[in-house]
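A.B. asks: Let me give you the structure first, and then I'll get to my questions.
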Amino acid sequence: MLLTLLLAAAVAPPSVLDDTFTISLVAAEPDIVTPIGIAIDRRGRLFVVESHTHFPLADYPGPKHDRIKVFEDRDRDGRFETVSVFADDLHHTMNLAFAPDGKLYVAQRDRVFVLEDRNRDGRAETKTPVVVVKSAGVYPHNGLGGLTFSPDGWLYIGMGENMGLAYELVGTDGRTEAGEGEGGNVFRCRPDGRRLERVATGFWNPFGLAFVGSDVLLAVDNDPDARPPNRLLDVVPGADFGFRFRWGRNGLHPFEAWNGELPGTRPMVGPVGEAASGILPYGAAGVLVTSWGDHRIEVHKLRPSGASLAAQWTVLVKGDDNFRPVGVAASPDGSLYVTDWVDRTYNVHGKGRIWRLTRKGGLPRPSAPAKSTARLRMRKLLAEKKAPALLVALEDKDPFIHGAAVTALTSPGLASAALGAVNHRSARVRLGAYLALRRGKHPKSPELIERALGDADEAVRTAALIWAAEDRPLTKGRERSIDEALTAGPTTPSLIRVYAAAAEILGLPPAAAARAPGEEELLARLGKPAAGAAERKAQEEAVWRLAEAKSPDAATVLKAFALDRSRDPDLRADAVQVLALLGAVNGLDALHKDPSTIVQQAARRALKQTNSETVRPTDEAGWRMAASEGKSDPRAGRRVFFHPGIGCFRCHRVDGVGGQVGPELSTIARGMDLEKLVGSIVAPSREIAPENAARVIETKDGRTLNGLLYKEKDGTLLLKAAGVDPVPLRPDEIKADTRSDVSLMPEGLQETMTIQDFRDLMAFLLARK
């Protein structure tokens with residue numbers, strides 16, 4: 001441990017924002033490298049996952065397998081005297097948890113097992129499987145990961161989205177849970193692997209699980225790709241949290257919810273930091289959460305919110321780019337220990353740290369949030385077997401009360417009650433009945449769907465459209481009945497999006513009421529005066545939709561619109577920008593003397609005649625300061641985003657317009673603040689997840705290609721890059737495939753903008769919520 005002590009003197013610790021705490025480095029490389037999960041036994045010994053199989057590079061020196069290391073402070077002086085290997089020969093190891101009886105449970109990507117040191121020599125001799133996953137999935141950390149025990153002795157297991165691949169989870173008694181594409185799940189079983197069952201679904205990756213009190217199970221769910229933020233979730237039996245990998249990893253498909261937006265889905269307790277990984281009960285009705293991506297440890301204070309919970313959070317520890325907290329555990333001596341991956345690199349890299357947090361007077365004693373009357377009712381409803389009580393509960397507006405009643409209504413013997421409830425006067429009851437009948441796979445599903453499509457309530461029709469498209473129970477020739485969802489009652493943009501997605505999945509042309517306006521209609525909109533807010537919004541949509549126009553008439557109409565001084569200046573400036581995208585800027589020189597400075601600025605951008613600036617930022621901090629000072633205009637920022645000389649739109653999509661190489665940015669501000677946005681532009685290669693890493697492909701016929709590689713369901717590959725059509729590749733065509741540590745997003749993008757452009761672009765992105 002001498003090297004750790006020397007390193008501790010050289011490494012600046014992260015900042016602790018509560019002056020009752022102190023933080024110290026207690027272990028580092030070579031004693032620990034790339035640590036993930038951590039658990040502490042009754043003797044205060046630290047058991048830590050040391051990963052060596054998480055994306056190792058070809059020249060990685062090894063070992064070839066993961067290890068579980070034990071750190072022991074025998075004289076209780078706060079320093080570890082011994083470090084030993086408890087187990088090795090492990091692969092894609094993620095997490096650890098001690099059972100109430102003291103046995104150590106380990107989660108690998110594809111299994112959970114028990115390690116025991118029966119002869120007490122410091123090494124595990126037995127490795128007893130509890131559950132095993134059968135799947136083609138091999139990505140390290142989106143399989144099994146979360147582990148915790150309930151106070152009544154059940155083992156709870158979190159499983160990630162598995163890239164949407166089919167899987168079968170098998171317990172020791174032969175019981176199975178299977179799925180494909182539904183997103184992540186939380187399962188539970190007895191400690192010996194019997195009585196396996198699914199608890200909740202609709203996660204991305206519930207990597208951290210913890211019980212707060214006797215019956216509150218919380219999960220930290222990461223990462224939502226294009227639909228931030230990461231979530232803190234109240235995991236109750238039967239809950240669906242809305243994510244479906246089968247509809248795309250970005251989370252923006254109309255059939256996906258992230259905060260209870262769709263019928264039958266549950267909202268989050270609150271947001272957590274990027275790549276949230278660890279969770280630990282802390283103090284009065286609170287939890288600690290580690291955020292790998294935001295370099296911090298958060299404290300979330302819980303309070304009742306209806307039948308569920310809400311949280312307010314503060315930062316306890318904040319580090320620099322090399323503070324990457326993952327696991328967190330409490331020691332019997334009142335200390336907290338946190339594993340630190342250290343480096344932004346996803347590949348195992350030979351670095352690692354363990355930090356100790358101590359507090360004057362010891363840690364505050366964990367306690368559960370107060371049990372509200374609504375939560376007690378929810379727990380009772382989950383065991384309710386009498387239909388009248390469940391139908392009353394279905395009228396409740398609380399999604400957790402309503403959801404508990406739906407779950408209970410799927411119990412054997414209650415199908416007839418649910419079937420009768422589709423005639424109920426209350427739309428909430430009808431919705432709950434349909435959701436229960438779908439979950440129970442009722443044999444009359446086609447008739448039920450057609451009935452629900454004609455319901456006067458929008459939520460019922462939305463649920464029916466998703467049911468029809470996902471389960472495909474309608475016979476050929478009857479799929480067209482989904483059109484009734486648009487005529488049976490009032491419609492909203494959300495319902496229309498769900499309908500359009502259902503029609504596409506079922507292979508049907510969309511009905512006229514949901515069909516995207518064609519170019520002729522868009523051009524006609526611009527020929528009319530905008531008398532009110534609705535007409536102005538329709539013209540704004542028309543201008544931007546024409547960015548992908550095919551007709552030569554589009555440029556003519558847009559140019560006339562841009563030159564018409566009677567039109568709204570912002571809309572005229574938008575038209576100028578779209579003309580630049582279409583490569584039709586000839587004839588706009590007169591706009592340099594336009595009465596509107598907004599139009600003048602758009603014309604200068606479009607004609608690439610921006611004013612030079614003698615003093616410009618030279619580093620990330622300077623650009624961050626420039627973005628935060630002075631006035632900014634989100635609308636002008638949109639024009640910067642779609643400027644052909646800057647090119648954000650070539651890779652990124654906003655509100656259905658743009659490329660699809662990089663992440664979708666329609667809701668980027670939910671998970672990024674100004675600091676992170678500026679960093680992502682000024683230093684784009686600082687952090688690149690493996691699935692977003694550029695690939696350099698050498699083909700056997702001598703081509704060298706760069707882009708993002710996607711595997712299609714039929715086994716072919718697609719290489720996508722900005723501004724070009726995807727390149728299909730067969731695996732047997734590839735001579736070499738290497739990952740690049742340089743982002744596809746170009747370095748120096750900020751240098752293509754004026755300071756005001758940059759400021760406006762930040763304002764536009766920060767408005768995307």
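The values are calculated or read from the model by the stated rules, or taken from the named source; none is laboratory data. A quick note: this is a predicted structure, and the numbers were derived from the prediction, not measured. Heads up, the Cβs are rebuilt from the backbone with ideal geometry, glycines too, and the neighbour counts pull from every protein chain shown. Quick note on the areas: whole protein, heavy atoms, side chains included, nothing else; ligands and nucleic acids left out. Shrake-Rupley method; radii C 1.70, N 1.55, O 1.52, S 1.80 Å.
A.B. asks: Could you state, as a whole-number percent, how many of the C-alpha pairs of segment 39-79 are farther apart than 11 Å?
C.D. replies: In whole percent, the long-distance tail amounts to 70.
A.B. asks: Would you please state the base-10 log of I(q)/I(0) at q = 0.22 1/Å for segment 104-187, with intensities from the Debye formula using one equal scatterer on every alpha carbon?
C.D. replies: Cα-only, vacuum Debye calculation for segment 104-187: -1.04.
A.B. asks: Counting Lys +1, Arg +1, Asp -1, Glu -1, what net charge surrounds Asn322 among other residues with beta carbon under 14 Å of its beta carbon?
C.D. replies: Residues close to Asn322 contribute a combined charge of 0.
A.B. asks: Which part of segment 402-435 falls in the paramagnetic zone of Leu382, meaning amide N under 16 Å from the point 7 Å along Cα-to-beta-carbon?
C.D. replies: 402-411
A.B. asks: Next question. Is the C-alpha gyration tensor of segment 45-191 telling us rounded, prolate or oblate? Criteria: a/c under 1.5 is rounded; beyond that, a/b larger than b/c is prolate, otherwise oblate. Mind showing how you got there, number by number?
C.D. replies: Details: a/c = 2.16, a/b = 1.37, b/c = 1.58.
It comes out oblate by the Cα gyration axes.
A.B. asks: Mean projection of the alpha-carbon convex hull of segment 275-371 over all orientations, in nm²?
C.D. replies: Averaged projected area of segment 275-371's Cα convex hull equals 7.0 nm².
A.B. asks: Label-point separation (nm) for Ala456 and Arg118, each offset 7 Å from Cα along Cα-to-Cβ?
C.D. replies: So the two model labels end up 6.9 nm from each other.
A.B. asks: If we sort 483-495, 264-276, 520-532 on the protection proxy, mean other Cβ atoms within 10 Å, highest first, what's the order? Provide the component values of the computation, followed by the final result.
C.D. replies: On the way: 483-495: 15.8, 264-276: 22.8, 520-532: 14.0.
Highest mean packing first, the order is 264-276, 483-495, 520-532.
A.B. asks: Can I ask one more? Shape of segment 209-327 from its Cα gyration tensor (a ≥ b ≥ c, root eigenvalues): rounded if a/c is under 1.5, otherwise prolate when a/b > b/c, or oblate?
C.D. replies: oblate
A.B. asks: From zero up to wherever the largest Cα-Cα distance of segment 557-666 sits, split into 5 Å bins and tell me the percent of pairs in each.
C.D. replies: Here the calculated profile for segment 557-666 is 2, 11, 20, 20, 20, 15, 9, 3, 0.
A.B. asks: At 0.36 nm per residue, minus the direct Cα-Cα distance, what do Thr704 and Glu81 gain on full extension? Give it in nm, one decimal, please.
C.D. replies: Taking 0.36 nm per residue and subtracting the Cα distance, the gain is 219.0 nm.
A.B. asks: With a Förster radius of 56 Å, plug the Cβ-Cβ distance of Glu747 and Ala389 into 1/(1 + (r/R0)^6) and report the FRET value to the nearest 0.05.
C.D. replies: 0.35
A.B. asks: Roughly speaking, to the nearest percent, how much of segment 375-459's 1.4 Å accessible area is carbon and sulfur?
C.D. replies: Carbon plus sulfur share of accessible area: 57 percent.
A.B. asks: Let me ask you something else. Pop out the carbon and sulfur fraction of the accessible area of segment 190-246 as a percent, whole number, probe 1.4 Å.
C.D. replies: C and S atoms contribute 44 percent here.
A.B. asks: Still on this structure, please answer the following. Summing +1 for each Lys or Arg and -1 for each Asp or Glu, what net charge is found among the other residues whose Cβ lies under 11 Å from the Cβ of Leu17?
C.D. replies: Computed value for this residue: -1.
A.B. asks: Using r as the Cβ-Cβ distance of Val615 and Glu541, and R0 as 60 Å, what FRET efficiency do you calculate, to the nearest 0.05?
C.D. replies: On the way: r = 39 Å, r/R0 = 0.65.
Between Val615 and Glu541 the formula returns 0.95.
A.B. asks: Can you list which of the trypsin sites (Lys or Arg not before Pro) found in segment 352-422 are DSSP loop residues with at most 16 other C-beta atoms within 10 Å?
C.D. replies: Passing sites in segment 352-422 are Lys360, Lys371, Lys385, Lys386, Lys397.
A.B. asks: What span do the alpha-carbon atoms of the chain cover on each of the three principal axes, reported in whole Å from largest to smallest?
C.D. replies: Projected onto the principal axes, the Cα atoms of the chain cover 86, 72, 58 Å.
A.B. asks: Sticking with this structure for a sec: Just list whichever of Lys397/Lys444; Lys103/Lys134; Lys69/Lys351; Lys318/Lys769; Lys559/Lys593; Lys380/Lys444 have alpha carbons separated by over 20 Å in the model shown.
C.D. replies: Long pairs (Cα-Cα over 20 Å): Lys397/Lys444; Lys103/Lys134; Lys318/Lys769; Lys380/Lys444.
A.B. asks: With Rg and the Kirkwood Rh both taken from Cα atoms, where does Rg over Rh land for segment 422-574?
C.D. replies: With Rh from the inverse mean 1/r over Cα pairs, Rg/Rh is 1.14.
A.B. asks: Also, I was wondering about something else. Using all alpha carbons of segment 641-769, what is the percent of pairwise distances in each 5 Å bin, ordered from the shortest bin to the longest?
C.D. replies: For segment 641-769, the pair-distance distribution reads 2, 10, 17, 22, 19, 12, 9, 5, 3, 0.
A.B. asks: Now for a different question. Name the GluC sites (Glu not before Pro) in segment 10-104 that are in a loop by DSSP and that have at most 16 other C-beta atoms within 10 Å, would you?
C.D. replies: Glu81
A.B. asks: How much FRET efficiency would the formula 1/(1 + (r/R0)^6) give for Glu520 and Ser494, where r is the Cβ-Cβ distance and R0 is 22 Å, rounded to 0.05?
C.D. replies: Rounded to the nearest 0.05, the efficiency is 0.25.
A.B. asks: Still on this structure, please answer the following. Pick out, in residue order, every one of the trypsin sites (Lys or Arg not before Pro) in segment 40-71 that is DSSP loop and has at most 16 other C-beta atoms within 10 Å; say none if there are none.
C.D. replies: Counting only loop positions with at most 16 other Cβ atoms within 10 Å, the trypsin sites (Lys or Arg not before Pro) in segment 40-71 are Arg42, Arg43, Lys64.
A.B. asks: Let me ask something else. For segment 461-503, just list the percent of Cα-Cα distances falling in each 10 Å bin from zero outward, please.
C.D. replies: Using 10 Å bins, I get a P(r) of 30, 59, 11 for segment 461-503.
A.B. asks: When Lys and Arg each count +1 and Asp and Glu each count -1, what net charge do the other residues less than 12 Å away from Ala415, Cβ to Cβ, add up to? Don't skip to the end; give the middle numbers.
C.D. replies: Numbers: positive: Arg438, Arg439, Lys441, Lys444; negative: none.
Combined, the nearby Lys, Arg, Asp and Glu give +4.
A.B. asks: On average, how much accessible surface per residue is there in the chain, in Å², for a 1.4 Å probe, leaving out ligands, DNA and RNA?
C.D. replies: Working: 32880 Å² over 769 residues.
Result: 43 Å² of accessible area for each residue.
A.B. asks: To the nearest 500 deg cm²/dmol, what mean residue ellipticity at 222 nm is calculated for the chain from DSSP H runs of n ≥ 4 alone, each contributing -39,500 (n - 2.57), summed and divided by the residues?
C.D. replies: Numbers: 19 runs with 191 residues, N = 769.
So the helix-based figure for the chain works out to -7500 deg cm²/dmol.
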